[in-house]
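Throughout, read-outs are computed from the coordinates displayed, never taken from laboratory work. All of these numbers come straight from a predicted model, not from anything done at the bench. Here the Cβ positions follow ideal geometry from the backbone for every residue, glycine too, while neighbour counts run over all protein chains shown.
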Amino acid sequence: MTTENFPDIKSIAYEGPASKNPLAFKHYKPDEVIEGKTMREHLRFSIVYWHTMCGQGADMFGAPTALRPWESGLSGLDLAKARVPVFFEIAEKLGMPYYAFHDRDVAPHGKTLRQSNEYLDTIVALLKEQQQRTGIKLLWGTAQLFVHPRFMHGAATSPNVEVFAYSAAQVKKALEVTHELGGEGYTFWGGREGYATLWNTDMKRELEHLAKFLHLAVDYAKEIGFKGQFYIEPKPKEPTKHQYDSDAAACLNFLREFDLLPHFKLNLETNHATLAGHSMQHEMEVAGAAGALGSLDANTGDLLLGWDTDQFLTDAPTATQMMLSLMKYGGLTTGGVNFDAKVRRESVDPEDLFFAHIGGMDTFARGLKNAAAIRADGRLSAAVKQRYSSWDGTLGKSIEQGGETFASLEKLMLEKGEATANASGRQEFLENLVNDFI
Ligand code: XLS
Ligand code: NI
Ligand code: NI
């Protein structure tokens with residue numbers, strides 16, 4: 001690196017819970033071993049290009065606010081080039097093992113598809129150099145199929161067949177560059193794959209087109225030897241009023257219906273879960289039970305604002321729930337804890353990017369430690385096991401193994417006359433137990 005953009009900020013170190021240094025980790029100690037793996041290996045933190053480098057603090061009522069001295073006077077490809085070393089300096093100082101990007105956040109839109117591809121190639125060469133210099137790896141790549149006006153009616157679900165074709169070409173290229181950069185995954189978030197009104201929408205046809213599109217992507221990945229994990233990222237609404245990938249259950253149903261489940265896992269986002277009227281814990285349990293828990297977009301919404309505010313998660317109880325579900329289903333293998341999160345519009349200074357990520361990383365580190373302690377204690381899982389213990393007897397086993405019919409169960413209950421009395425669910429007892437670890 002020739003010039004440092006943050007000369008006053010050194011690599012962020014672990015100083016422990018008593019530290020008063022805002023540029024230090026209080027909980028994230030990358031080499032600390034928990035349940036046989038280091039924290040670094042458990043959490044597989046990832047920083048995103050779009051919010052970190054492209055987030056300018058604009059909202060639908062207001063202009064950009066962010067102060068980004070490295071951008072001054074630059075635009076287009078020059079701006080794109082200038083952002084690359086800044087991004088990697090931030091990522092490296094935070095000790096991020098991974099990053100993620102959309103094609104059009106790293107490189108600008110060209111006048112034609114060919115020119116866009118050339119711009120992308122130019123930047124990918126720089127990303128590659130930085131990956132080699134720092135050892136930071138690509139968690140996943142993706143194509144931005146939602147900002148440009150051509151995607152106003154959707155990309156793969158557009159009624160305009162040439163937009164489908166354009167989207168295919170764009171994803172083809174995005175897969176190629178993800179592969180070239182050694183990306184460990186590729187994400188589909190259906191930015192505009194949904195509808196604004198059903199009066200103009202053939203939903204069945206749109207869903208079939210979306211499935212066709214994903215199959216073409218799977219085929220092309222095979223063709224070029226890309227072995228990374230494919231993810232689909234649920235979100236219920238915004239920008240469309242109904243997104244087809246609305247929540248984990250809807251995504252799983254769609255993937256199953258169209259024979260895509262063997263090729264996809266879910267990339268779950270905390271803020272999307274709550275927009276869907278679920279907790280993140282719920283979404284993780286749905287995906288985990290289906291063997292499809294792939295990766296996490298780690299952020300949070302504001303309960304008093306009903307949209308995707310993409311804030312950094314600083315709530316230890318939520319992080320604890322998330323890490324408990326994650327560990328229950330075997331932890332992260334290909335995915336990561338990906339900070340799809342942005343600083344607030346009022347947090348205008350470059351160093352706010354550091355405070356934000358440090359807080360997020362510490363919060364997940366706390367969640368991890370809390371979850372490991374709850375697991376070591378064992379009372380929570382023992383209580384769940386106990387709650388189902390009637391199923392471990394002769395009758396339960398026989399039903400689970402297919403040994404009973406309605407008639408045999410009727411016979412049994414006519415003889416008994418009434419089911420055994422129910423035991424307490426102990427909700428408050430268990431809430432108190434969990435709280436003892438937070
Ligand atoms: C938007 C999504 C998006 C995806 C990547 O709400 O979270 O950022 O993660 O396209
Ligand atoms: Ni996301
Ligand atoms: Ni989001």
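Subtracting the Cα-Cα distance of R426 and H148 from their residue separation scaled by 0.36 nm leaves 94.9 nm.
Remark: the L305-A382 segment gains 24.0 nm on full extension, using 0.36 nm per residue and subtracting the alpha carbon distance. Note that the chain carries a Kirkwood radius of 23.5 Å, evaluated over its alpha carbons pair by pair. Contact order, relative form, for region 175-265: 37 percent (alpha carbon pairs under 8 Å, 6 or more residues apart, mean separation divided by residue count).
Report the net charge of residues surrounding L332, where surrounding means a beta-carbon distance below 14 angstrom and charges are Lys +1, Arg +1, Asp -1, Glu -1. Don't jump to the answer; show the numbers that get you there.
On the way: positive: K37, R40, R44, K137, K265, K328; negative: E35, E41, E184, D297.
That sum, taken over residues with Cβ under 14 Å, equals +2.
Between E351 and Q115, what FRET efficiency comes out of the Förster formula 1/(1 + (r/R0)^6) with R0 = 30 Å and r the beta carbon distance, rounded to 0.05? The pair Q115/E351 has a calculated efficiency of 0.25. Over region 1-62, all Cα pairs binned in 10 Å intervals from 0 give whole-percent P(r) values of 17, 29, 35, 17, 2, listed from short to long.
For region 292-385, a Kirkwood radius taken over Cα pairs fed into Stokes-Einstein (37 °C, viscosity 0.692 mPa s) yields D = 227 µm²/s. The DSSP beta bridges internal to region 3-108 are antiparallel in roughly 40% of cases.
Taking the Cα centre of the chain as the origin, how large is its charge dipole in debye, to the nearest 20, when only Lys and Arg (+1) and Asp and Glu (-1) carry charge on their Cβ atoms?
On the way: 45 positive and 57 negative charges, 85 e Å.
The dipole of the chain has a size of about 400 debye.
Along the chain, the exposed loop sites are GluC sites (Glu not before Pro) outside DSSP states H, G, I, E and B with at most 16 other Cβ atoms within 10 Å, and the longest stretch free of them is 36-345. Both radii come from the Cα set of region 48-92: Rg as radius of gyration, Rh as Kirkwood radius; their ratio Rg/Rh reads 0.98. Take the chain, mark every one of the chymotrypsin sites (Phe, Trp or Tyr not before Pro) that falls in a DSSP loop and has at most 13 other Cβ within 10 Å, then report the longest stretch left between them, sites excluded. By the stated rule (loop sites, at most 13 other Cβ atoms within 10 Å), 62-306.
With the helix formula -39500 (n - 2.57) applied to DSSP H stretches of n ≥ 4, the chain reaches a computed 222 nm mean residue ellipticity of -14000 deg cm²/dmol. Projected over all directions and averaged, the alpha-carbon convex hull of region 108-241 occupies 8.4 nm².
Computed on the chain, with alpha-carbon pairs under 8 angstrom and 6+ residues apart, the relative contact order is 16 percent. Restricting the count to DSSP beta bridges whose residues both fall in the chain, what percent are antiparallel, rounded to a multiple of 5? Approximately 20 percent, going by the DSSP bridge assignments. Taking 0.36 nm per residue of separation and subtracting the Cα-Cα distance, full extension of the segment from E162 to D31 would add 42.1 nm.
Can you give the FRET efficiency for E418 and A63, using 1/(1 + (r/R0)^6), R0 = 56 Å, r = Cβ-Cβ distance, to the nearest 0.05? Provide the component values of the computation, followed by the final result.
Numbers: r = 69 Å, r/R0 = 1.23.
Result of the calculation: an efficiency of 0.20.
Checking every one of the trypsin sites (Lys or Arg not before Pro) in region 1-30 against DSSP loop status and a limit of 11 other Cβ atoms within 10 Å picks out K10, K20.
Just to be sure I understand the curve: with the Debye formula and one point per C-alpha of region 341-438, what is log10 I(q)/I(0) at q = 0.14, 0.22, 0.25 Å⁻¹? With one equal scatterer per Cα and no solvent, log10 I(q)/I(0) is -0.77, -1.10, -1.23.
The loop-placed trypsin sites (Lys or Arg not before Pro) in region 167-260, going by DSSP, that have at most 15 neighbouring Cβ atoms within 10 Å of their Cβ come out as K227, K241.
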